[in-house]
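As structure tokens, the structure follows; a few thoughts come after it.
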Amino acid sequence: MSSQRENERLAEVNLSAEEELRKMRENVAELQMFASSLTTRLYELVQEHLDLQKPYSPNVLLAKLKVEYTKLDERSEELAAKLMDRDDPIEAADCEEFVRHYKDMRAKYHSSETRCTLAEAAYKNGTLAGVPMSMDR
């Protein structure tokens, strides 16, 4: 008989807690949905961050620097070819202006090319300051 009373008492305890358990389950379900939406937003923000970082990655910056110094090289060679292809005599003032422009372009070219070579070597060796080793490799 006592086991039947014990069972009835446990059944009453379970039934009395049923409403509270239902509310708790609903609360947990709401919190799970909220956590899921936050997780989705986190992934969106991480992707946005990665997209914003791409133009500043070492590979992109090195490629831009290579394009820059290649254009400088081409422009300086065009300037030299233009001077050489002239049919009329070259005046001293024209020659001085050419030398000044050509020298300036070649200095910029060599400076950019050297910076690019050094940055590329440092990046490959992992000694480029401020750049994580795993970035766009």
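Summary table below
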| item | result |
| --- | --- |
| Residue selected from the stretch 79-122 under the condition in a helix (DSSP H, G or I) and β-branched (Val, Ile, Thr), by the criterion farthest from residue 65 (Cα to Cα) | 99 |
| Residues of the stretch 75-99 classified as at pLDDT 90 or above and surrounded by 12 or more Cβ atoms within 10 Å (Cβ to Cβ), total | 7 |
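The values are calculated or read from the model by the stated rules, or taken from the named source; none is laboratory data. Values in this document were obtained by computation on a predicted structure and should not be read as measured data. Neighbour counts are summed over all protein chains in view; Cβ atoms, including those assigned to glycine, are modelled from backbone coordinates with ideal geometry.
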